[in-house]
Structures are given as structure tokens and as C-alpha cells.
Ligand SMILES: Cc1cc2nc3c(=O)[nH]c(=O)nc-3n(C[C@H](O)[C@H](O)[C@H](O)COP(=O)(O)OP(=O)(O)OC[C@H]3O[C@@H](n4cnc5c(N)ncnc54)[C@H](O)[C@@H]3O)c2cc1C
């Protein structure tokens, strides 16, 4: 049995940052990770590129979080996007900022982010124990004594951080174990739901569109006929329905609406930059320029090739008709379809398939200035195990790093 100043459970972004920061403060830290390697989820993040943060200002950043805005304000005030970027740049890793402020390593390799973290973990104050899974936290007379692992090893300490992540992509090691451990110590777990999860669609015709991505489209989500969410950006058709950034971003709203037994629909506006008059004029122009061409051929200028046949069927238009034969009524139907292709939401993929989990340790039971539990002295939390989640764009990773840093600064 060995004594440490602090033990951190889980080597994701939150746990690694907490460990590094605590060691900078000369704390003797043990980082325990159940996998044989740290940062398994970080490695697959951002499609292997790791969108580590976003360059937007703090107010816009906070707006991307669902319930936890005020809770995160303190962490962001202490360690925010510029601090995180400096952390990596000072370690000679070049970063780049892409569309909508998304920050990536210049190399497009998440492994480069992980390598910096791994290098910083090689400090004399830090011991990293891999392939060891924490089973429980030992408490005697209301005081933290240490941890017990599944292989029955004990490690002694008075300060512990649970940084075990959430329930999404359990193959990465984040299997919701932190919730069980926290609950046993008296913490409330806000009910878990999928967030940033692909959406299942009732209509079968979109299956022919699998693999086709759309850029610059506008989505509107309706529940019981009422608009409840909308987004502009990129999406993707899949074999089961829809995915891509703006679909993931509306998935939690769709999930909630389905739970209330509402009829949930999505409309896709393929031409959000145009109003009715401009789109009508554009179609008339195209038709006039090529009166003998079939409508399916003309639509190659308007929609991705793979979509056209089914789109025209959706609008009840014979694709072989020449543009000169298209009636005013048919043109109206095409405009209606381009402005609002309507799809019915059948479901949202389960938590395990989502990018993040909504819910987790109740933020009211954690001191936002220190990340220490308000219920158990010496117990800390950081990262996705807490009830924090945001949309796509680097916000979740920053939240894990920021809460991890604050935890390490206080543990
Ligand atoms: C496919 C995918 C892509 C993503 N892309 C992005 C992105 O580009 N940008 C972004 O901001 N966010 C992204 N996210 C979300 C982001 O990865 C997470 O929010 C972030 O990793 C959470 O960090 P964490 O440290 O809290 O938890 P995790 O990264 O989940 O790490 C928790 C660690 O704890 C370990 N652990 C669990 N239980 C135990 C135990 N009992 N004992 C020991 N160890 C344990 C796990 O093995 C794991 O290594 C993505 C998520 C997924 C699934």
C-alpha cells in the first residue's frame, strides 16, 4: 500500500490535466487508468483530429452548454481556450483554427495532443498506473482513506478526483463507472440521456442518400407542429437516418420531444440563402436556358447528384420531363421541397452511440471554484462525469480540460 497526496481516477483529458496541474503544485499524484493506454477517447475525437477547443469568447462559449453554464464560468475564468492553446503551443505543438473557431492540431493528428499530455505526465511527482480499474473509494469515519481496485490493490490518500468520463462510446473505457462510485458516496446523478447522437428517420427513401453530405443547409426541428430548434451548417445522410454536426446538435432536443410523445419532424432547407422570389427566378432562368433538358439533368446544378431522383419523387415530379413541360404548380412543389424537405424522426441513437452524455453528477453538489464535492471532503470531480455537455465545436473537450485544471489546482 502506498500513500499519495492525491489519486485521480481516469486518464481522459480531465484526469490528465488534473494530474499535471496537481504535480506542478508539487503534489505527489497517482493517476489510475483502466485501459492499457491513457486518452483512448481523445484519440478518436474530432474524427482522429481532436477539436480541442473553440476560439470564441467566453459568453458565446458558455451559450453552447445546456444546463451547466453558470457552473463552468469559474473554471473558464481560471483556465480557458487561450490557456489551453498556450499549454500545447508552449510544448511546441502547432495549432490551427478552422471554420466557426474550431481549434485543431496543425498536423490533424489527435495523437500529437495526447503525446504532449503523456510527456507532461512523465514527471517525478506523478505515477501513472495503467490497466487498473478502480472499484471503490474507501471512506472511514467520513474521511477519505484511499481507493480499492478490482484486482484488490489498495492505494492510500486523502484526496481523490473522479474523472472517469461518461457513458458514451463505452469501448473507450468511459462506462459510467464514476456515476456508480459517486452515487455510493451520496451524490445525485442527474438522469443520463444521449446528446450529440445520430437521428433515426422513418422515411426509407433517404437510405439511398447514405454517405451524402450537405453543406450550408438550414434545419428546423418541430415537435407537435411547433418549432423547437434550428441550426445552419453541415449534415450527413446515413443508412439509418441523419448525422453530422447540426444533426448531432439538435439530437438532445429531438430526444426530449420524443420522450413527451410528440410527433417530431425535421425540415431541411437546401437553399437558405434564397427567398421565394429569388429561388423562383433561379428555376425559371435554368428552365429557360435549357428548355429541352430533363428536369433531373437541370437539378444537377441545384442538388448533389445522388439526391436528385428521390427528391423529384418526393415532389411528385417525373424526372424525365423536359423543363419546358414543367407547370407552374410543379415548380411550386419543387420550391416547397427545396425550402423544406420534411422527415419524421423515429428515434435518437442510444447514449453509447452519442458523442457525449447529458446528465451526470449534479453540479449543485460540487463547488464550482474548486471542483470539490460539497458532500464529501477531499472528493473532487472533473470532466464529463459531471452533468455538463455542449454542442459540437470543441466545447466539451475544453470543459474537460478546464474543470480538470481547476481540480488539479485545488486537490
Ligand atoms: C467519437 C467522439 C468524438 C469526439 N470528438 C470531440 C471533439 O472533437 N471535440 C470535443 O470537444 N469533444 C469531443 N468528444 C467528447 C470528448 O471526447 C469528451 O467530452 C471528453 O473526452 C471527456 O473527457 P473526460 O476526461 O471527462 O472523460 P474520458 O475522455 O471519457 O476519459 C475517462 C477515462 O476514465 C477511465 N475510467 C473510467 N472508469 C474507470 C475506472 N473505474 N478506473 C480507472 N479508469 C477509469 C476511462 O477508461 C477513460 O480513459 C468526442 C467524443 C466522442 C465519443
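Bear in mind these aren't lab numbers, they're just calculated from the coordinates by the rules spelled out. Please read all numbers here as calculations on a predicted model, not as lab measurements. A quick note on method: Cβ atoms are made from the backbone with ideal geometry, for glycine too, and the neighbour counts reach across all protein chains shown.
By its C-alpha gyration tensor, with a ≥ b ≥ c as the square roots of the eigenvalues, how is the stretch 1-80 shaped: rounded for a/c under 1.5, else prolate for a/b larger than b/c, else oblate? The shape class here is oblate.
When only C-alpha pairs under 8 Å and at least 6 residues apart count, what is the relative contact order of the chain, in percent? Spell out each step's value before the answer.
Details: 925 pairs, mean separation 103.4, N = 411.
It rounds to 25 percent for the chain.
With R₀ set to 56 Å, the beta-carbon distance separating residue 119 from residue 273 gives a calculated FRET efficiency near 0.75.
On average over all directions, what projected area in square nanometres does the stretch 224-292 have, based on the convex hull of its Cα atoms?
Numbers: hull surface 27.6 nm².
For the stretch 224-292, averaging the hull's shadow over all directions gives 6.9 nm².
Fully extending the segment from residue 288 to residue 138, taken as 0.36 nm per residue of separation minus the present Cα-Cα distance, adds 46.1 nm. With R₀ fixed at 60 Å, the C-beta to C-beta distance from residue 152 to residue 232 puts the FRET efficiency at about 0.65.
So for each of 10-19, 101-110, 393-402, 83-92 I average, over its residues, the number of other beta carbons within 10 Å; can you give me the resulting order with the highest mean first? Let's see the in-between values first.
Working: 10-19: 31.3, 101-110: 18.1, 393-402: 27.4, 83-92: 14.7.
Per-residue mean Cβ counts within 10 Å order the peptides as 10-19, 393-402, 101-110, 83-92.
Against the chain, whose longest principal axis is taken from its Cα atoms, helix 395-410 shows a tilt of about 10°. Peptide packing for 37-44, 319-326 was compared via the average number of neighbouring C-beta atoms within 10 Å per residue; ordered from the highest value, the list is 37-44, 319-326.
Ignoring everything except DSSP H segments at least 4 long, calculate the 222 nm mean residue ellipticity for the chain; use -39,500 (n - 2.57) per segment, divide by total residues, nearest 500.
Details: 13 runs with 137 residues, N = 411.
So the calculated ellipticity at 222 nm is -10000 deg cm²/dmol.
Ranked by the mean number of other Cβ atoms within 10 Å of their residues, highest first, the peptides 258-264, 333-339 fall in the order 333-339, 258-264. Here the relative contact order of the stretch 36-159, from alpha carbon pairs under 8 Å that lie six or more residues apart, stands at 23 percent.
Rounded to the nearest 0.05, what FRET efficiency is calculated for residue 24 and residue 216 with R0 set to 60 Å and r the Cβ-Cβ distance?
With a Förster radius of 60 Å, E is 0.85.
Stretching residue 375 away from residue 346 to a fully extended chain increases their span by 6.4 nm, per 0.36 nm per residue minus the current alpha-carbon distance. Axis angle, to the nearest 10 degrees, between helix 276-289 and the longest C-alpha principal axis of the chain: 50 degrees.
Using only the alpha carbons of the chain, what is the convex hull's orientation-averaged projected area in square nanometres?
So the mean shadow area of the Cα hull is 21.4 nm².
For the stretch 198-349, what relative contact order do you get, as a whole percent, if you take Cα pairs closer than 8 Å and at least 6 residues apart?
Numbers: 268 pairs, mean separation 47.1, N = 152.
It rounds to 31 percent for the stretch 198-349.
The angle separating the long axis of helix 328-339 from the principal Cα axis of greatest extent in the chain is about 10 degrees. Give me the percent of Cα-Cα pairs in the stretch 198-349 that sit more than 25 Å apart, rounded to a whole number. Here the tail beyond 25 Å accounts for 30 percent of pairs.
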